[in-house]
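Notes follow the structure.
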Amino acid sequence: MQTVTLNNGVEMPILGFGVYQVPPEATEEAVTHALEVGYRSLDTAAAYRNEDAVGRAVRASGIPRGDLFITTKLWIQDNGSTTRQAFETSLQKLDMDYVDLYLIHQPFGDVYGEWRVMEQLNAEGTARAIGVSNFGSDRLMDLILHNSVVPAVNQVETHPFYQRAVENQLMVGQGVRQESWAPFAEGKNNLFSDPTLGAVAEAHGKSIPQVVLRWLIQREIVVIPKSVRRDRMEQNFQVFDFDLSPQEMAAIADLDQGHSLFLDHRDPAVVAQLSGVTME
Ligand SMILES: NC(=O)c1ccc[n+]([C@@H]2O[C@H](COP(=O)([O-])OP(=O)(O)OC[C@H]3O[C@@H](n4cnc5c(N)ncnc54)[C@H](OP(=O)(O)O)[C@@H]3O)[C@@H](O)[C@H]2O)c1
């Protein structure tokens, strides 16, 4: 598996498997299949409520912990004083004694208090790398300037219709790895039947999802597609045996609409809505 080297030297697979919106009762089977297919990087979160099922699938697989890369995330209601407890709860659910990447899930609440505790977890080795998610360039730069550890990763919505090329430049310049969530835009905007993506796919004898993942990988962006279907997990894994030409990369670059298809983290209504989602 191709890896990227994070800013603290930790190696992260460029392709992983995400379990957002996989119901807790279906997660163990989905992760079991993903591990059988060959995925070794798994992306979960306290807010997905399926960390324990991820842990059960990992344990049952018998795959050595050192061969896996596990990411989980801290939800908004936690703050500096509860971050360590929230992290311990995640470890307990995962049945692991460390994670490879621990992310602040949303750029709201006591981000600075949380980050300082995460810096400690990182120094203690129980979070091998720490990072953020859904941080715009301004929030990211502020966090970088006023803390010791530069986030290793910023996991943000990234797909052909929202490419974030300017933000990517900033991240690359600061040593922050961009990780795509919703690489397929969850099918929005008819991504799976887009004619431009379709033409590129046909030229390579590949599918549109494979072309999208390949395009992100060639931009050196980490991808974590989600599927509950084993045939699609296999398809999404077969993306290292072809290359997109500069012309094809440029044609896909033209699909950018420059805005989210899901939610704008700078919209006060979104801040209120997400902050209202509690873990209780
Ligand atoms: N940090 C955040 O705030 C955040 C937000 C969203 C997501 N994420 C992470 O990013 C991961 C991926 O994002 P996502 O799950 O939102 O969206 P996504 O990966 O863009 O899309 C998933 C959807 O695409 C379908 N699909 C997958 N492979 C396919 C294929 N080869 N052909 C046709 N359809 C296919 C899946 O359906 P089936 O399952 O039915 O196959 C599912 O409906 C998540 O699981 C999560 O780990 C993070």
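Computed from the coordinates by the stated procedures, all read-outs in this text should not be read as laboratory data. Note that the structure is predicted; figures quoted are calculated from it, not measured. Neighbour counts run over all protein chains shown; Cβ positions are idealised from the backbone, glycine included.
The residue pairs whose first member lies in segment 9-28 and is more than 15 Å from Glu179 (Cβ to Cβ), whose second member is small (Gly, Ala, Ser) and away from the ligand (no atom under 11 Å from the Cβ), and whose beta carbons are closer than 7 Å, counting only pairs six or more residues apart or on different chains, are Pro24/Ala53; Thr27/Ala53; Glu28/Ala53; Glu28/Ala57. Note on segment 135-234: enclosed helices (runs of 4 or more DSSP H) holding 1 or more residues that are more than 10 Å from the ligand (Cβ to nearest atom), among the acidic types (Asp, Glu) and loosely packed, with under 15 Cβ neighbours inside 10 Å are 137-145, 195-204.
The residue list Thr5, Thr32 contains one member that is without any contact (Cβ under 8 Å) to a residue 60 or more places away in the chain and crowded, with 16+ Cβ neighbours inside 10 Å, which is Thr32. Scanning segment 41-69 for residues that are under 24 Å from Ser275 (Cα atoms), charged (D, E, K, R) and surrounded by fewer than 23 Cβ atoms within 10 Å (Cβ to Cβ) gives Arg49, Asp52. Annotation note: Cβ proximity below 7 Å between a residue of segment 96-121 that is over 11 Å from Ala45 (Cβ atoms) and a residue that is assigned to a loop (DSSP other than H, G, I, E, B) and within 14 Å of the ligand (Cβ to nearest atom) (sequence gap 6+ or interchain) occurs for Pro107/Asn134; Pro107/Phe135; Pro107/His265; Phe108/Ile76; Gly109/Ile76. Just the residues that are over 23 Å from Pro23 (Cα atoms) and in contact with a Gly (Cβ under 9 Å, 6 or more places away or on another chain), please, taken from segment 193-231. Within segment 193-231, Ile208, Val211, Val222 meet the criteria.
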